[in-house]
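Working notes, beginning with the structure itself.
The values are calculated or read from the model by the stated rules, or taken from the named source; none is laboratory data. These numbers were taken from a predicted model, which means no experiment stands behind them. Positions of Cβ are generated from backbone atoms using ideal geometry, with glycine treated the same way; all protein chains shown enter the neighbour counts.
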Amino acid sequence: METVATAVEREPRTYLNVDHTLKSWLLTEDHKRIGILYLIVITIFFAIGGLFAALIRIELTTPAGDLVESSVYNRLFTGHGIIMVFFFLIPSIPASLGNFLIPLMIGAKDVAFPKLNLLSWYLYVIGGSMALTAIIYGGIDTGWTFYVPFSTGYASGMVMLTLVGIFINGFSSILTGLNFMVTIHRMRAPGMTWFRLPLFIWSLYSTSLIQVLATPVVAVTLLLAALERGLHIGIFDPALGGDPVLFQHLFWFYSHPAVYIMILPAMGVTSEIISTFSKKEPFGYSFIALSSLAIAVFGFIVWGHHLFVSSQSVYAGMVFSILSYLVAIPSAIKVFNWVSTMYKGSVELTTPMLYGIGFIGLFTIGGLTGLFLASMGMDVHLTDTYFVIAHFHYIMVGGAIMGFMGGLHFWWPKITGKLYSETWARLSAIIIFLGFNLTFFPQFILGYMGMPRRYHVYAPEFQVFNVLSSAGASVLGLGYALPLVYFLWSIFFGKKAPANPWGATGLEWQIQSPPLPENFEITPVITEAPYHYAPSEEVVHVG
Amino acid sequence: MSNHPDHIVPVRVYIFVFLALMVFTVLTVYAATIDLGRYNIVLALVIACIKASLVIMFFMHVYYSSKLTKAIVIAGLCTLMILFFFTLTDLATRGALQGTTDWVGVPGR
Amino acid sequence: MASHSVTLRHHFENAEQQKDASTIGMWMFLVTEIMFFGGLFMAYIAYRGAYPEAFAAGSEKLNIVYGTINTLVLICSSLTMAMAVHSAAVGKKKMIVLFLILTLILGGVFLGIKAVEYHDKYVGHEIPGVNFHPEIDGHPNVAVQNVSLYFALYFGMTGLHAMHMIVGVGMISFLIFKASRGAYTAEWHTPVELFGLYWHFVDIVWIFLFPLLYLIDLHQGR
Amino acid sequence: MEQKSIQFFPEQASTIAHSVDGLYLYLVLVTAFFSILIATLIVIFAVKYRRRADTPTPKAVHGGLWLEITWSVIPLGLSMVMFAWGASIFFTESRPPADSMEIYVTGKQWMWKIQHMEGQREINELHIPVNRDIKLTMTSEDVIHDFYVPAFRTKSDVLPGRYTTEWFHATKTGAYHIFCAEYCGTKHSGMIGTVYVMEPQQFDAWLSGGGGTGTLAQKGEALFSQLGCVTCHQATADVKGRCPNLHGIWGRPQQLTTGASVTVDAGYVSESILNPSAKIVAGYENIMPTFSGLVTAEGVTELVEYVKSIGPAPGAPGSAPAPAAKGAPAAKGAPAAKGAPAAKAAPAATVKP
């Protein structure tokens, strides 16, 4: 270690080596360091959530409940859902990569409210610790959706503590979104107009919009559920005249847009990656940019498609069903534009690019299978079956996590100043892609065959596909373990990264790796559109 | 990022708004004592909206603020309306097709 | 601009940008507050629609005089708050303190009256829970449990509102302390301005709570 | 349900299943087409335009508005078909045919309790005849459940405090899974059962072979007197009691004290038993005690069927004007002050633990 330490001393000043004390990290107001703090905690949550998933898949290898009891199994999938949704996926890209990159990409010294940014991280850690405490000591068996009256009157475990933890974490999410929106509005460098913003920024702006507008509703809803559980005020209790379907409305008003909180940043990452490794400006820049906003806005008016069989009014179902298809349009626009970006490009299949094209393929399947669930007659058969599980894992794992991994590999040299092993990284990307499909594709078939979700014990005819799925999960697990190893390895032994290893055009690549504590020595002035790989006079027009 | 100085709102505007708010408060209490059937609630909400608009526009200076501030306020209110409107598409028409799905009570536990 | 250097944080280019960012940030925060209360208002709409008579019966138990006085008190406090911001903008440092103190007093009066009301509810067994036995004899066809829903929402909404008031009172005390030491000038008084936005927002919430909770079917007599 | 070789589809055993499978095929084809198209393009582009040492920086390619519009409108068109097709199936699923055979289902942690009109009861089993429209009227005693029969491609949540319906028309005899599809607690995956679709003759034999304790309506009648309802509510025509006469009121509108009107149906009768003060018929007082906790969900069902059985003959809706003039309407009502305790005392003995 001594040699490493002395090597660091000789290096230029960076945000990493400016101070080494623990205090300098825990009280930092530097958005880059806060991004790394997030990254660490997010990784821990991902590992715990993944462990729960592994246990679930092992249990489901056989139809009987032979590994754990039903009550334990229910705690496993509840823990998996709560951790992955609230404490991994929602903060994953925005809070870690977003925090690190937004000021760099728009030419600012920091986010608008650095103290608030640090506070958000603490709220996240506090909320996460509370939920984790509840899940580990006793566990809860409500399912991550907390449907009433089960969660308020029948479920066991520390439901209150979990609800309060998620409530607190909600404020972390709100404040992060607020911070980002103000930053993007007010902190852009001179010349950085809206249509010169990188697409990643557009997607994070849309994400933040959802975080700010939707999260408070779920916060107050979960608060009411906690009150109901503690005091039996009757607000969601049918025995007291309360309406359990109202809870579902309020819950999905947030939790459907929350899916876009997860997928939009991954779309932004993909836009950056595809453009960089095709060495070409994104096809239809403004369409990709505005479709992010469109997804965010449409995302608010479709939540009722989670309620088709919940005794929701048929007319409301019709409205929500037709509106749900509107989201398909901006998503399709994005996919077609990404693919067209590669057309006549100079394509290099680096690790980030593998994740990028993997994202496009898996997101396409995930998105298209969403159309099944928006179609009411089809949804009646498919909802609450493994088809839904497969669909949203294609979006959340095949989409959001592929995007997260892609982004991490893409910006790792910038974040750490080190290069990871490209060979191992490509290998792991391929393993993840294969393992993922083997895990989740069989679940589509299981779903259509009628296997309900959250089943601990299942009918024997479902076993074949469950075994395939569990086998895939072990491959997937291996795929996720590899990056942990080579990333850590690269921090200590990796080669030093140049400022711009990929030949990208983004502002963040024009500064040293890792960046200065203040990001830019002098405030940059932007004079060009983003992604100026080719001189602007050499433009080919198609279509 | 316009470089305008703070807009100083004249005190008389505040006083006028204040008086209007007081009058509307008395008015809304008075209106509630008249039987207007289902329009009692409508009138009460109209008055409340007028009062809220006065506060937002003048006490909170939105009337003098940038387009961005106005856009934020409008976006918030629109989202709230989305929540109300689409939840009500369900609540208001529930059971309209299948016959009753009224609350029927839960038999003892 | 030298006088600003103490208050301009390093990552901002100039005071204008900093003030703009803070104001927009505050407005966005208020929008999240709208949605936060929005969930409760949605529940209110749903249950008032389902049980109009129970809501009228519950509303009847509220003291209209307290409610009206509190509404007027809050409006007054909004005026004094607006005047505090105005004084800051024109640089009258003593007036800032005066108006902030007035606002604090009015906020305290509101909370005091609210506390009296809550106590009355407690005495009248009108707090949802095991001891909920409101007198609703005047409403033969109203189920007690539905009145309980009304009161759950009453306490939820006014309770959340009162929480905001309490937080506001805490913040205003801090502002008074700073203002009395002359911290806010015509050039820089962003905290006063932002707090003003918050205070007015809390006022607006009450403007809606008052008719929705207190004035249901008032014409049927109390 | 015998174990076969690997299956990819559930049994197709209802009319709805045929339409759902048709829609599914369409959706799968659209999905497959676009997934393969995208994947192929990616592979072709990745290979054809791969970066070589001498590749110059490619020129920017700008698309036209028409291209963007084209690839927006085509998916929109395809998805509108999905919407319309799905909506039409859903409409069919939401409206049980008028002459369906009715069966009551009660969900409870963690079992399905079934009541046939003829009085048969089953737990976690549902016997039905083939080629008949079957309508389930469902409620829950505790949390939200969901009655799901994959072979029929239909499911519906079962909520406490509310009736939901589900209907199907089985086309194939056999035994099919019933699953609870809404997570309901520890033994959620054990809340399963079997639908036995039988030939009509077999079904009739099954129906008559059971306990033979009378039809639902007869059980309801027994319960009606057991609980003491009869002390206040008359059940024969033209007799006025302290509470509304229940004879002939089924399916009729009733004038309430609030001025509103309500149709006497399963929901209203249940509500009146469990929460009597909610809707009072005009001309009566609110003195009926609640029977919540004194009757089970099945008991409520029986009472509902009883009220239905003394209603107007089927096919004669509105054969008489709303009987306010006769003074005989209403499902609700109130025993006189001394009637109430009597009514309460009687059922105490019959409470199911």
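Things to note:
- Considering the stretch A:172-191, and only residues there that are within 15 Å of A:Lys109 (Cα to Cα) and among the hydrophobic types (A, V, I, L, M, F, W, C), the residue that is nearest to the other protein chains (Cβ to nearest Cβ) turns out to be A:Val182.
- The stretch A:336-370, residues that are among the hydrophobic types (A, V, I, L, M, F, W, C) and under 21 Å from the mean Cα position of the chain (by Cα): A:Trp338, A:Met353, A:Leu354, A:Ile357, A:Phe359, A:Ile360, A:Leu362, A:Phe363, A:Ile365, A:Leu368
- Extreme residue, nearest to D:Ser292 (Cα to Cα), among residues of the stretch A:184-240 that are among the hydroxyl-bearing types (Ser, Thr, Tyr) and part of a helix (DSSP H, G or I): A:Thr221
- Of all the listed residues (D:Gly119, D:Gly107, D:Gly86), the sole one being in contact with a helix residue (DSSP H, G or I) (Cβ under 8 Å, 6 or more places away or on another chain), buried (at least 22 other Cβ atoms within 10 Å of the Cβ) and not polar (S, T, N, Q) is D:Gly86.
- Within the stretch D:4-21, considering residues that are small (Gly, Ala, Ser) and closer than 26 Å to A:Asn466 by Cα, the one surrounded by the fewest Cβ atoms within 10 Å (Cβ to Cβ): D:Ser5
- Residue that is surrounded by the fewest Cβ atoms within 10 Å (Cβ to Cβ), among those in the stretch D:195-237 that are hydrophobic (A, V, I, L, M, F, W, C) and not in a helix (DSSP H, G or I): D:Ala237
- For the stretch C:42-61, the set of residues classified as part of a helix (DSSP H, G or I), more than 21 Å from A:Phe247 (Cβ to Cβ) and of a type outside the set (A, V, I, L, M) consists of C:Pro52, C:Glu53, C:Gly58, C:Ser59, C:Glu60, listed by residue number.
- Listed conditions (1) assigned to a loop (DSSP other than H, G, I, E, B); (2) touching a Lys or Arg at 6+ places or on another chain (Cβ under 8 Å); (3) within 14 Å of chain A (Cβ to nearest Cβ) are all met by D:Gly185, apart from (2).
- Of the criteria (1) surrounded by fewer than 18 Cβ atoms within 10 Å (Cβ to Cβ); (2) facing chain A (nearest Cβ under 9 Å); (3) under 19 Å from the mean Cα position of the chain (by Cα), which one D:Gly64 fails: (3)
- Taken together, A:Pro452, A:Pro517, A:Pro460 contain a single residue that is more than 14 Å from chain D (Cβ to nearest Cβ) and not aliphatic (A, V, I, L, M), which is A:Pro517.
- Screening D:Leu78 with (1) within 28 Å of D:Thr296 (Cβ to Cβ); (2) crowded, with 16+ Cβ neighbours inside 10 Å; (3) touching a residue at least 12 places away in the same chain (Cβ under 8 Å) gives one miss only, at (1).
- Subset of the stretch A:358-407 (residues that are of a type in the set (Gly, Ala, Ser) and within 19 Å of A:Thr270 (Cα to Cα)): A:Gly358, A:Gly361, A:Gly366, A:Gly367, A:Gly398, A:Gly399, A:Ala400, A:Gly403, A:Gly406, A:Gly407
- When residues of the stretch A:286-327 are limited to those that are in contact with an Asp or Glu (Cβ under 7 Å, 6 or more places away or on another chain) and among the hydrophobic types (A, V, I, L, M, F, W, C), the one surrounded by the most Cβ atoms within 10 Å (Cβ to Cβ): A:Phe308
- Sole residue being among the small types (Gly, Ala, Ser), closer than 23 Å to A:Leu199 by Cβ and either modelled with pLDDT of 95 or more or in contact with a Gly (Cβ under 8 Å, 6 or more places away or on another chain) (or both), chosen from A:Gly284, A:Gly304: A:Gly284
- For the stretch C:155-208, the set of residues classified as touching a Lys or Arg at 6+ places or on another chain (Cβ under 6 Å) and buried (at least 22 other Cβ atoms within 10 Å of the Cβ) consists of C:Ile207 only.
- Members of the stretch D:269-301 that are within 20 Å of D:Glu221 (Cβ to Cβ), more than 7 Å from chain B (Cβ to nearest Cβ) and out of contact with any Ser or Thr (no Cβ under 7 Å at 6 or more places or on another chain): D:Val269, D:Ser272, D:Ile273, D:Met288, D:Phe291, D:Gly299, D:Thr301
- The residues of the stretch A:419-433 that are more than 14 Å from chain D (Cβ to nearest Cβ) and of a type outside the set (Gly, Ala, Ser), listed by number, are A:Leu419, A:Tyr420, A:Glu422, A:Thr423, A:Trp424, A:Leu427, A:Ile431, A:Ile432.
- The stretch D:142-182, residues that are more than 16 Å from D:Ser14 (Cα to Cα) and not in a strand (DSSP E or B): D:Asp142, D:Val143, D:Ile144, D:Leu159, D:Gly161, D:Arg162, D:Tyr163, D:Ala181, D:Glu182
- Candidates A:Leu116, A:Leu163: the one that is part of a helix (DSSP H, G or I) and surrounded by fewer than 24 Cβ atoms within 10 Å (Cβ to Cβ) is A:Leu116.
- Filtered by the rule that a residue be out of contact with any Phe, Trp or Tyr (no Cβ under 6 Å at 6 or more places or on another chain) and at the interface with chain D (Cβ under 8 Å from one of its Cβ atoms), the stretch A:325-342 gives A:Ala328, A:Ile329, A:Ala332, A:Val335, A:Val339.
- Filtered residue count, the stretch A:196-223, keeping only those that are farther than 24 Å from A:Met267 by Cα and within 7 Å of another protein chain (Cβ to nearest Cβ): 5
- Where a residue in the stretch B:16-32 is in the same structural domain as B:Leu45 (by TED's automatic domain parsing) and its partner, wherever it lies, is of a type in the set (Phe, Trp, Tyr) and surrounded by 13 or more Cβ atoms within 10 Å (Cβ to Cβ), with Cβ under 8 Å and at least six apart: B:Val17/B:Phe58; B:Val17/B:Phe59; B:Thr25/C:Phe210; B:Thr28/C:Phe210
- Restricting A:His249, A:His256 to residues that are surrounded by fewer than 24 Cβ atoms within 10 Å (Cβ to Cβ) and within 12 Å of another protein chain (Cβ to nearest Cβ) narrows the list to A:His256.
- Among the candidates A:His541, A:His532, residue that is in a strand (DSSP E or B), of a type outside the set (A, V, I, L, M, F, W, C) and under 30 Å from A:Ser346 (Cα atoms): A:His541
- Reported count of residues in the stretch B:72-92, each being hydroxyl-bearing (Ser, Thr, Tyr), facing chain C (nearest Cβ under 7 Å) and over 16 Å from C:Glu33 (Cβ atoms), is 1.
- Only one of the numbered conditions (1) more than 11 Å from chain D (Cβ to nearest Cβ); (2) in a loop (DSSP other than H, G, I, E, B); (3) surrounded by fewer than 17 Cβ atoms within 10 Å (Cβ to Cβ); (4) more than 26 Å from the chain's Cα centre (by Cα) is not met by A:Gly503, and that is (1).
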